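**Q** Mind having a look at this structure? Questions to follow.
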Amino acid sequence: MSIATAITTHAVPRSRAKPDRYKTLDTFAQALSYIQSSYVKRVDERRLLYGAIKGMITELDPHSSFFTPRRYRYLREDTEGEFAGVGITLRDNKSATPVVDSVVSNSPAGRAGILAGDRLLSIDGAKTGVAARAGKRGWRALLRGRVGSRLRLRILRRGWAKSRSFELVRRRIKVPTVERFNLESGIGYLSIKKFQEATSRDVERALRRLAARSGNRLQGLVLDLRNNPGGLLDQCVRVADLFLSRGMIVSVVGRPGSKVERHRARGAGSWSNFKMVVLVDRGTASAAEIVAGALQDNRRAKIVGTKTYGKGSVQTFIDLKDRSGLKLTTAHYYTPSGRSLEGVGIVPNIVVSSRRNWEGSKARVRNILGRRSALSAKLKKRLQEDLQLLRGYQILRAALGSK
């Protein structure tokens, strides 16, 4: 499972360490010299240096990392939520042929008619069986490129007798991080998939639309943070602030002697006048845990689901001169009640783990949904397949006095 982090992107001051601290670099340089002059094969110096940096980083903690220039560019693009491509994400797949996991609406791939579940056989004539040696990152590297450049994909879909070729033009793609719909008039559903640079703005826009569909009387909200791996610290703070009129959101504590950052709710423009349920699971981590922890500690929402991942540190992006970069742990965070979630996670107020462990039978679920005549068949099916969402919906209806 890939777990992202609560990330800051502020500039990091240059080290003030004295030169004599780095005398051990002489030993490193000596070792490098011997490897270059005496190793049985010629080796690339950059590869050696990158390997040395990676080794140094692994001595710190599991969440700090070093990235080569290409990987660092992709990481920053993912964090920004925008990149030059065709709007396809790929599913983790053990077979040699990658499968389309999702297609961004109104993207080149979306307008061309490519669908989730399609198999990607080749990219610009290169069979994906060859690209698979580089794994998912290799496919992504081939899909991305300069805005305006052309890309040819060969796609096979179930039911097609033959594969088909699609020629697409890359453009700037914004990956949506928010999904929303109304469960019924007055009760909304809002899912945040990751905290990227525009997430708080997208959340506020989604809230306005949910309210508009309820006659500007939003009475309850299910906030879904399941499988949200985290993201930018400032964005999760802004999202939590939307739902709190007052109180602490998170405290960020760096190395001894550094200033403690305390983020509090500002109150202005707050969406705090309706009931809330937050859905979480094992995939809820870091920045998503900050939001859930703030809403739980301030008694703003009931937390429903399973215990979260337990990621209690903050990482900072640091650009290096050759366009490589570091993701370095620079602080730990604490919820409003002073909890560190590192290795512990958030325990839900109401645990709903799976269909097998939920108290209601399948027949009971159908009976509950059968009484909701206003729900569409599509929504009823989704609720029947997602008992955590169904439980959250029931909690809100009970709180609002509905049966």
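The values are calculated or read from the model by the stated rules, or taken from the named source; none is laboratory data. All figures in this text were calculated on a predicted structure; none of them were measured in a lab. Virtual Cβ from ideal backbone geometry, glycine too; neighbours counted across all protein chains shown.
**Q** State whether one or more residues within region 34-52 are closer than 30 Å to Gly343 by Cα and either of a type in the set (Ser, Thr, Tyr) or exposed (fewer than 10 other Cβ atoms within 10 Å of the Cβ) (or both). Steps first, answer last, please.
**A** Let us first name the residues in region 34-52 that are closer than 30 Å to Gly343 by Cα, namely 50-52.
Add one more test, that the residue is either of a type in the set (Ser, Thr, Tyr) or exposed (fewer than 10 other Cβ atoms within 10 Å of the Cβ) (or both), and what stays is 50.
Yes, some residue in region 34-52 is closer than 30 Å to Gly343 by Cα and either of a type in the set (Ser, Thr, Tyr) or exposed (fewer than 10 other Cβ atoms within 10 Å of the Cβ) (or both).
**Q** Kindly indicate the residue of region 332-349 that is among the polar types (S, T, N, Q) and in contact with a helix residue (DSSP H, G or I) (Cβ under 6 Å, 6 or more places away or on another chain) and also surrounded by the most Cβ atoms within 10 Å (Cβ to Cβ) among those meeting that condition.
**A** First, pick out the residues of region 332-349 that are among the polar types (S, T, N, Q): 335, 337, 340, 349.
Narrowing the set further to residues that are in contact with a helix residue (DSSP H, G or I) (Cβ under 6 Å, 6 or more places away or on another chain) leaves 335, 337.
On the way: Thr335: 23, Ser337: 11.
In this case the residue turns out to be Thr335.
**Q** If a residue must be free of Cβ contacts under 8 Å to residues at least 24 places away in the same chain and either among the hydrophobic types (A, V, I, L, M, F, W, C) or crowded, with 21+ Cβ neighbours inside 10 Å (or both), how many such residues does region 384-403 contain?
**A** The qualifying residues number 1.
**Q** Could you tell me whether region 224-240 includes any residue that is without any contact (Cβ under 8 Å) to a residue 40 or more places away in the chain and not in a helix (DSSP H, G or I)? Spell out the reasoning first.
**A** First pass over region 224-240, keeping only residues without any contact (Cβ under 8 Å) to a residue 40 or more places away in the chain: 238.
Then drop every residue that is not not in a helix (DSSP H, G or I), which leaves none.
Within region 224-240, not a single residue is without any contact (Cβ under 8 Å) to a residue 40 or more places away in the chain and not in a helix (DSSP H, G or I).
**Q** Scan region 28-67 for residues that are within 21 Å of Val314 (Cα to Cα) and in contact (Cβ under 8 Å) with a residue 12 or more places away in the chain and report the count. So that I can check it myself, show each step before the final result.
**A** First, pick out the residues of region 28-67 that are within 21 Å of Val314 (Cα to Cα): 53-67.
Within this subset, residues satisfying the condition of being in contact (Cβ under 8 Å) with a residue 12 or more places away in the chain are 53-54, 57, 60-61, 63-67.
Count: 10.
**Q** Sort out for me the strands (runs of 3 or more DSSP E) sitting completely within region 105-207 that have 3 or more residues that are over 30 Å from Asp386 (Cβ atoms) and touching a helix residue (DSSP H, G or I) at 6+ places or on another chain (Cβ under 8 Å). Step through it out loud before you land on a result.
**A** On the way: elements: 119-123, 150-156, 164-169, 171-174, 178-184, 187-192.
Those strands (runs of 3 or more DSSP E) span 119-123, 164-169.
**Q** Return yes or no: is Ala52 over 22 Å from Gly230 (Cα atoms), modelled with pLDDT under 90 and not assigned by TED's automatic domain parsing to the domain that holds Gly325? Show your work before the answer.
**A** Working: over 22 Å from Gly230 (Cα atoms): yes; modelled with pLDDT under 90: no; not assigned by TED's automatic domain parsing to the domain that holds Gly325: yes.
So Ala52 fails the test.
**Q** When only residues in region 172-211 that are surrounded by fewer than 16 Cβ atoms within 10 Å (Cβ to Cβ) and farther than 24 Å from Leu379 by Cα count, which is modelled with the highest pLDDT?
**A** The extreme case among them is Arg201.
**Q** State the number of residues belonging to region 270-309 that are under 17 Å from the mean Cα position of the chain (by Cα) and among the hydrophobic types (A, V, I, L, M, F, W, C).
**A** 9
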